[in-house]
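**Q** Below is the structure I would like to discuss, written out as structure tokens.
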Amino acid sequence: MKIPPTLLWIVLGLLLAVSFGVDFENTTQGGAIDLRNRVTGIRLLAHGIDAYHYKWRRSEPEEYGDVYNNPPLLVSKTTATPTMLLLHWPLAPLPYRLGEFLWLFLQWLMLLGTAWLWLR
């Protein structure tokens, strides 16, 4: 039995919608942990601070703080290379919450754009 292509597109669309919903819910709940260390990392590098050994304290600017950073560790949670951090430069001046959602939508636009190019 052959499955009609229209049905396959409908199923793919539903899967993408559900996946986007899960990503959106995760972002709403603050689930962009890897993004946080990259944004704080580029903010630190922009101010000449070593992002790989920096430990935020309450007396320092809030935009340098990574809430997932473990104070007893000698190194920070910044795991991306300096080049990867530079790719996040446009997000550095934005409030973190806005940056999270811009990053979410940018990733989905790139995914859908890639699919569109592939289908052409």
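**Q** When the Kirkwood radius is taken over all Cα pairs of the stretch 72-118, what Stokes-Einstein diffusion coefficient follows at 25 °C and 0.890 mPa s, in µm²/s?
**A** 191
**Q** Apply 1/(1 + (r/R0)^6) to the Cβ-Cβ distance of residue 86 and residue 1, taking R0 = 41 Å, and write down the FRET efficiency to the nearest 0.05.
**A** Values: r = 52 Å, r/R0 = 1.27.
Once the sixth-power term is evaluated, E becomes 0.20.
**Q** Arrange the residues 108, 118 by how much accessible surface each exposes, largest first, with a 1.4 angstrom probe. Don't skip to the answer; put the middle values down first.
**A** Numbers: 108 30, 118 205 Å².
From most exposed to least exposed: 118, 108.
**Q** Additional query: Compute the angle between helix 33-46 and the longest alpha-carbon principal axis of the chain, please, reported from 0 to 90 degrees and rounded to the nearest 10.
**A** 50
**Q** In the full protein assembly as shown, how much of residue 56 is accessible to a 1.4 Å probe, in Å² to the nearest 10?
**A** That residue has around 90 Å² of solvent-accessible surface.
**Q** If I ignore ligands, DNA and RNA and count only protein heavy atoms, how much of residue 8 is accessible to a 1.4 Å probe, in Å² to the nearest 10?
**A** Spelled out: residue 8, probe radius 1.4 Å, area about 100 Å².
**Q** Let me ask something else about it. Suppose every Lys and Arg Cβ carries +1 and every Asp and Glu Cβ carries -1, with no other charges. What dipole size does the stretch 35-88 come out with about its Cα centre, to the nearest 20 debye? Working shown, then result.
**A** On the way: 7 positive and 5 negative charges, 23 e Å.
For the stretch 35-88, the charge dipole is close to 120 debye.
**Q** Stretch residue 20-residue 108 to full length: gain in nm at 0.36 nm per residue minus the Cα-Cα span?
**A** Values: separation 88, 0.36 × 88 = 31.68 nm, distance 0.79 nm.
Between residue 20 and residue 108, full extension yields 30.9 nm more.
**Q** Per residue, how much accessible surface does the chain expose to a 1.4 Å probe? Answer in Å², no decimals. Write out the running numbers ahead of the final one.
**A** On the way: 8730 Å² over 120 residues.
I get 73 Å² per residue for this part.
**Q** Ordering 110, 84, 1 by how much accessible area each has at a 1.4 Å probe, largest first, what is the list? Write out the running numbers ahead of the final one.
**A** Values: 110 100, 84 75, 1 225 Å².
Correct descending sequence by accessible area is 1, 110, 84.
**Q** Same structure again: Please compute the contact order of the chain in relative form: average sequence separation of alpha-carbon pairs under 8 Å and at least six residues apart, divided by the residue count, as a percent.
**A** Values: 79 pairs, mean separation 32.9, N = 120.
About 27 percent, as a whole number.
**Q** When only DSSP loop residues count, what GluC sites (Glu not before Pro) in the stretch 8-106 have their Cβ near at most 14 other Cβ atoms within 10 Å? Provide the component values of the computation, followed by the final result.
**A** Working: sites: 25, 62, 63, 100; in loops: none.
Listed in order of number, the matching sites amount to none.
**Q** Would you tell me the accessible area of residue 53, worked out with a 1.4 angstrom probe on the heavy atoms of the protein chains, in Å² to the nearest 10?
**A** Approximately 110 Å² of residue 53 is accessible to the 1.4 Å probe.
**Q** Next question, about the same structure. Stokes-Einstein diffusion coefficient for the chain at 37 °C in a medium of 0.692 mPa s, Rh from the Kirkwood formula over Cα pairs: what value in µm²/s?
**A** Values: Rh = 16.5 Å.
Answer from the Stokes-Einstein relation: 199 µm²/s.
**Q** Label residue 117 and residue 79 with points 7 Å out from Cα along Cα→Cβ: what is the distance between them in nm?
**A** Distance between the two pseudo-spin positions: 2.7 nm.
**Q** Which residue, chosen from 79, 96, 56, occupies the Cα position most advanced towards the positive end of the dipole of the chain, where the dipole is computed from +1 (Lys, Arg) and -1 (Asp, Glu) charges on Cβ about the Cα centre?
**A** 79
**Q** Quote the charge dipole size of the stretch 3-120 about the Cα centre in Debye, to the nearest 20; the model charges only the Cβ of Lys and Arg (+1) and of Asp and Glu (-1).
**A** Details: 9 positive and 9 negative charges, 24 e Å.
Rounded to the nearest 20 debye, it is 120 debye.
**Q** Here's another thing I want to ask about it. Given the options 106, 70, 29, identify the residue whose Cα lies farthest towards the positive end of the charge dipole of the chain (+1 on Cβ of Lys, Arg; -1 on Cβ of Asp, Glu).
**A** Of the options given, the answer is 106.
**Q** Using a Gaussian network model on the chain with a 10 Å cutoff between Cα atoms, which of 21, 13, 65 fluctuates the most?
**A** Evaluated over the chain, the most mobile residue of the options is 13.
**Q** Could you tell me what percent of the accessible area of the chain is made up of carbon and sulfur, with a 1.4 Å probe and every protein chain present? Don't jump to the answer; show the numbers that get you there.
**A** On the way: 6070 of 8730 Å².
On the chain, the fraction of accessible area on carbon and sulfur atoms equals 70 percent.
The values are calculated or read from the model by the stated rules, or taken from the named source; none is laboratory data. No experiment lies behind these values; they were computed from the predicted model shown. As a convention, Cβ positions derive from the backbone with ideal geometry for all residues, glycine included, and neighbour counts pool all protein chains shown. Heavy atoms of the whole protein, side chains included, go into the accessibility calculation; ligands, DNA and RNA do not. Shrake-Rupley method; radii C 1.70, N 1.55, O 1.52, S 1.80 Å.
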